[in-house]
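Working notes for the structure below.
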Amino acid sequence: MTAVVDQNCAALARVSGDDLQVPLVQGGTTTYANFDYAASAPALAQVTDRVQQLLPFYASVHRGAGYASRISTECYEAARGSVTRFLDAADDQVVVFTRNTTDSLNLLASCVPGDTVVLDIEHHANFLPWTRHGRRVVQAAATVEETIGRLVAELCSKPAALLAVTGASNVTGEVLPLERLATIAHQCGARILVDAAQLAPHRRISLRDTGIDYLAFSGHKLYAPFGAGVLVGRRDWLDTAEPYLAGGGAVREVTTADVDWAAAPQRHEGGSPNVLGAAALAAACDALCEIDADTLAAHEHRLADRLRDGLAAIPGVNLLRIWTDAPDTVGIVAFTLDGFVPGHVAAYLSAEHGIGVRDGRFCAHPLLARLDLDGALRASIGLGTTAAHVDRLIQAVATLVHDGPAWNYSTTQNLWNPTPETRPFTSQTPTGAAPCLID
């Protein structure tokens with residue numbers, strides 16, 4: 001991939017669905033404008049190509065003498081190397097393949113030998129798992145500096161095994177100073193875990209340079225939506241903990257009376273692994289490594305600033321933030337619109353303009369409660385986003401404020417829908433295949 005800064009903010013890479021045509025409720029079609037990258041990012045072209053190349057060789061990995069099995073095993077184990085390079089992992093850190101970030105954090109929670117300190121702003125994936133061995137919740141303050149002070153006070157109050165923090169908020173995109181937090185955790189006798197589900201697709205991370213002990217992210221947010229995630233981290237806790245899934249592949253030897261468990265990562269990868277998912281995730285890591293980090297950040301900042309400035313100029317739009325001094329923000333913009341329920345706005349954008357955004361509480365209920373909100377809207381930017389997409393979203397919100405919706409909308413089981421719904425909900429299928437009806 002060529003790392004060239006495009007002053008016109010064109011897409012940085014080809015993603016699946018970048019030319020997707022979607023129907024409009026008033027008739028006709030338009031090219032889909034995807035602002036839902038933070039939920040699940042579309043596949044990179046390099047990722048789908050890699051999966052297509054591997055499919056003819058797909059077989060069960062490990063212990064297979066067949067040629068296809070040997071190829072699949074080689075690809076699966078080589079995928080660990082791609083993740084290691086992508087994160088610049090240290091020599092004592094191992095790569096465990098999981099289903100997603102939630103799976104990774106639940107795995108680590110079963111290994112932590114003590115209390116975990118977390119902020120109240122976390123995604124549920126980095127908030128709920130830590131209760132099993134003791135979770136201590138710190139309320140984030142209005143500034144990053146004061147928030148760090150509160151974390152220091154909590155870590156110093158009594159021993160903790162782990163500090164678990166988000167890399168970038170999945171609601172506002174704000175980034176914490178991770179290297180500094182790693183130093184603080186270590187000085188207080190704790191280790192640090194970073195939920196990088198929202199950070200890894202947007203910023204390069206060096207585990208070696210930052211001192212981060214454990215990190216998790218999902219393939220489906222990293223342009224590899226094939227069902228794989230990773231937990232990368234220090235070996236000792238992973239080697240001594242009970243296996244996350246007891247079963248084949250996680251053992252060295254089994255008798256009727258005892259079992260000798262394998263070391264990590266195999267210790268926590270019981271059962272037949274997701275070979276294609278791991279290969280897809282590795283391909284995404286390799287592809288992102290080819291993009292200059294500064295180019296990626298600059299491209300994203302221009303688009304996000306364009307979106308924030310455009311929305312802020314519309315009467316009734318309220319942009320959301322946690323802190324006033326966050327050192328960086330990835331391409332996530334959350335907002336509310338006075339006089340409109342978020343679900344209504346999201347349905348309008350989809351039905352009348354072919355724009356996809358996320359609405360709701362974003363699996364961050366404590367944070368939304370702190371912001372005194374029942375829900376909000378979130379527009380997230382990725383490698384396939386362009387300035388034209390941003391301008392379409394701004395104009396669509398402005399039209400809603402100035403003219404109102406052109407269609408009627410109603411709720412069914414708390415979901416907003418156009419009334420009547422004129423769009424056909426069928427997926428595109430090969431000729432002769434039955435369509436997949438989507439209710």
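The values are calculated or read from the model by the stated rules, or taken from the named source; none is laboratory data. In this text, all values refer to a predicted model and were calculated from it rather than measured experimentally. Cβ atoms come from the backbone with ideal geometry, glycine included; neighbour counts cover every protein chain shown. To get the accessible areas, we keep the full protein, side chains included, count just its heavy atoms, and leave off ligands, DNA and RNA. Shrake-Rupley method; radii C 1.70, N 1.55, O 1.52, S 1.80 Å.
Taken over segment 264-297, the criterion of being assigned to a helix (DSSP H, G or I) and surrounded by fewer than 15 Cβ atoms within 10 Å (Cβ to Cβ) is satisfied by Cys289, Ala293, Asp294.
Yes or no, residue by residue, for (1) of a type in the set (Ser, Thr, Tyr); (2) without any contact (Cβ under 8 Å) to a residue 40 or more places away in the chain:
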| site | (1), (2) |
| --- | --- |
| Ser104 | yes, no |
| Ser110 | yes, no |
| Asp115 | no, no |
| Ala142 | no, no |
| Gly149 | no, yes |
| Glu174 | no, no |
| Pro177 | no, no |
| Leu193 | no, no |
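Looking only at residues that are in a strand (DSSP E or B) and not hydrophobic (A, V, I, L, M, F, W, C) in segment 145-180, which one is surrounded by the fewest Cβ atoms within 10 Å (Cβ to Cβ)? Even if it seems obvious, please write down each step before you answer.
Just the residues of segment 145-180 that are in a strand (DSSP E or B), to begin with: 162-166, 168, 174-175.
In the following step, the residues that additionally are not hydrophobic (A, V, I, L, M, F, W, C) were identified as 166, 174.
Numbers: Thr166: 26, Glu174: 22.
Top of the filtered list is Glu174.
Could you tell me whether Thr48 is surrounded by 14 or more Cβ atoms within 10 Å (Cβ to Cβ), free of Cβ contacts under 8 Å to residues at least 24 places away in the same chain and either among the β-branched types (Val, Ile, Thr) or assigned by the TED database to the domain that holds Val171 (or both)? Here the answer is no, as Thr48 does not meet what is asked.
When Leu222 is tested against the conditions (1) touching a helix residue (DSSP H, G or I) at 6+ places or on another chain (Cβ under 6 Å); (2) without any contact (Cβ under 8 Å) to a residue 60 or more places away in the chain; (3) among the hydrophobic types (A, V, I, L, M, F, W, C), the lone failure is (2). Being open to solvent by less than 60 Å² (accessible area, probe 1.4 Å), in contact with a Ser or Thr (Cβ under 7 Å, 6 or more places away or on another chain) and either in contact (Cβ under 8 Å) with a residue 40 or more places away in the chain or among the acidic types (Asp, Glu) (or both), is that true of even one residue in segment 60-70? Yes: one or more hits.
Annotation note: of Val330, Val341, the sole residue that is open to solvent by 10 Å² or more (accessible area, probe 1.4 Å), in contact with a Gly (Cβ under 9 Å, 6 or more places away or on another chain) and of a type in the set (A, V, I, L, M, F, W, C) is Val341.
Among the residues of segment 231-243, is any part of a loop (DSSP other than H, G, I, E, B), surrounded by fewer than 24 Cβ atoms within 10 Å (Cβ to Cβ) and of a type in the set (S, T, N, Q)?
Keep residues of segment 231-243 that are part of a loop (DSSP other than H, G, I, E, B), which gives 241-243.
Within this subset, residues satisfying the condition of being surrounded by fewer than 24 Cβ atoms within 10 Å (Cβ to Cβ) are 241-243.
Restricting the remaining residues to those that are of a type in the set (S, T, N, Q) gives none.
Among the residues of segment 231-243, not one is part of a loop (DSSP other than H, G, I, E, B), surrounded by fewer than 24 Cβ atoms within 10 Å (Cβ to Cβ) and of a type in the set (S, T, N, Q), which makes the answer no.
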